[in-house]
1. With springs only between Cα atoms under 10 Å apart, run a GNM on the chain and tell me which of Ala47, Ala30, Ala17 wobbles the most.
2. How big is the dipole moment of the chain about its Cα centre under a simple scheme where the beta carbon of each Lys and Arg is +1, that of each Asp and Glu is -1, and everything else is neutral? Debye, nearest 20, please.
3. So what is the relative contact order for segment 2-55, in percent, with contacts set as C-alpha pairs under 8 Å and at least six apart?
4. Anyone know which of Val15, Val39, Val31 comes out most mobile in the 10 Å Cα GNM of the chain?
5. Rounded, prolate or oblate, given the Cα gyration tensor of the chain, with a/c below 1.5 counting as rounded?
6. For the residues Thr52, Thr33, what sequence is obtained by ranking on other C-beta atoms within 10 Å, fewest first?
7. Out of segment 9-38, which chymotrypsin sites (Phe, Trp or Tyr not before Pro) are coil in DSSP terms and have no more than 16 other C-beta atoms within 10 Å?
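Throughout, read-outs are computed from the coordinates displayed, never taken from laboratory work. Model, not experiment: these values are computed from the prediction. All Cβ positions, glycine included, derive from the backbone under ideal geometry; neighbour counts span all protein chains shown.
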Amino acid sequence: MIADGRLLGDWPYQVVAHFNDDERSLYGLAVYTEGDVRVEGFRDRAARNKATKAYVQDDD
């Protein structure tokens, strides 16, 4: 996944995905990291996007 032109996660070791349901105000963040899956649900898109920032790759 790409956010603001920057990669999220560290393919193939980490994969990040979003879920959006604007009609019901449901937003999700799923992260696969080396065999483990973590899923979080949010009622606010901005809160989900803020949580996603932890997975933005540095430009190093």
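1. Ala47
2. Computed charge dipole of the chain: roughly 280 debye.
3. Values: 71 pairs, mean separation 14.3, N = 54.
This gives 26 percent for segment 2-55.
4. Looking only at Val15, Val39, Val31, the biggest GNM fluctuation is shown by Val39.
5. Numbers: a/c = 2.51, a/b = 1.49, b/c = 1.68.
Oblate.
6. Values: Thr52 18, Thr33 14.
Starting with the residue having the fewest Cβ neighbours, the order is Thr33, Thr52.
7. Loop-located and lightly packed - Tyr13.
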